[in-house]
Amino acid sequence: MVRVLVAYASERGGTAEIADWIGAELRASGMEPDVRSAGSVPSVDGYDAVVLGGALYAGRWHREARHFAQRFAEELATRPVWLFSSGPLDHTAEEKDVDPVPGVAKVARRLGARGHATFGGSLAPDARGLLASKIAKRAGGDYRDHDHVRAWAGEVAREILTVGT
Ligand SMILES: Cc1cc2nc3c(=O)[nH]c(=O)nc-3n(C[C@H](O)[C@H](O)[C@H](O)COP(=O)(O)O)c2cc1C
């Protein structure tokens with residue numbers, strides 16, 4: 001069995017659900033995924049491949065995703081790794097490939113990541129918080145696309161099988 005860690009960093013749950021969708025697709029492809037919040041992962045030992053994703057806030061990856069990448073930099077450099085971000089509160093992520101923000105691009109280079117995808121985000125129209133409620137009024141909604149996520153995870157699964165572990 002190929003063991004894949006899907007680690008996510010999420011503030012309001014949207015990115016956590018994307019990680020679940022990725023896990024479901026990997027399982028459907030015959031792998032054994034472990035979907036966990038990045039901050040709760042004590043070690044990456046025993047995983048053949050890692051998918052790390054984070055929500056975008058103020059142009060940066062969620063801090064738990066950044067910390068995870070730092071904490072396990074050595075181990076991740078020796079495993080196949082894929083990254084994803086979730087953020088745009090519009091349809092751009094479904095209309096074209098959205099490049100990673102600079103901080104995530106740097107992590108991708110450092111870890112030798114095999115790929116990165118940006119998925120649409122979600123924000124409840126009644127989100128709490130000064131800034132969040134302002135943004136929600138203008139752009140609140142769910143812009144995540146299950147099919148986009150599933151297709152990407154399917155590609156990751158195929159590559160994991162091609163790369164070997
Ligand atoms: C205060 C705030 C700042 C945000 N900044 C960004 C940003 O810089 N880039 C982006 O694409 N999305 C941004 N978003 C949208 C979030 O990334 C989106 O709501 C995402 O789905 C949140 O994921 P989570 O539910 O896992 O926390 C922002 C949202 C809020 C509330």
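Key figures for this structure:
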read-out: Footprinting exposure proxy for Asp90, Asp97 (fewest neighbouring C-beta atoms within 10 Å first); value: Asp97, Asp90
read-out: The stretch 7-165: radius of gyration and largest Cα-Cα distance (Dmax), Å; value: 15.1, 47
read-out: Charge dipole (debye, nearest 20) of the stretch 3-163; +1 at Cβ of Lys and Arg, -1 at Cβ of Asp and Glu; value: 620
read-out: Isotropic mean projected area of the C-alpha convex hull, the stretch 1-70 (nm²); value: 4.5
read-out: Net charge contributed by nearby residues that have their C-beta within less than 12 Å of Asp126 (K/R +1, D/E -1); value: +3
read-out: Charge dipole of the stretch 3-163 about the Cα centre (unit charges at C-beta), most positive-ward option of Gly120, Val4, Leu130; value: Leu130
read-out: Ranking of Ile135, Ile22, Ile160 by count of other Cβ atoms within 10 Å, fewest first; value: Ile135, Ile160, Ile22
read-out: Exposure proxy ranking, count of Cβ atoms within 10 Å, fewest first, for Thr15, Thr78, Thr118; value: Thr78, Thr118, Thr15
read-out: Under 15 Å, Cβ to Cβ, from Gly46 - net charge with Lys/Arg +1 and Asp/Glu -1; value: -2
read-out: Contact order normalised by residue count of the chain, Cα under 8 Å, 6+ apart, percent; value: 23
read-out: Summed residue charge, Cβ within 14 Å of Glu155's Cβ, Lys/Arg positive, Asp/Glu negative; value: -1
read-out: Helical segments meeting 18 Å axial Cα length and Kyte-Doolittle 0.0 threshold in the chain (DSSP H); value: 14-28
read-out: Virtual spin-label span in nm between Ile135 and Asp90, 7 Å along Cα→Cβ; value: 1.4
read-out: Modelled label reach - Asp99, point 7 Å along Cα→Cβ, the stretch 52-71 residues with backbone N closer than 17 Å; value: 59-61
read-out: DSSP bridge orientation in the chain - percent antiparallel, rounded to nearest 5; value: 15
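Bear in mind that the values in this text are calculations on the coordinates, not laboratory data. Computed from a predicted model, the values in this text were never measured in an experiment. Cβ coordinates were reconstructed from backbone atoms using ideal geometry, including for glycine residues, and neighbour counts include every protein chain displayed.
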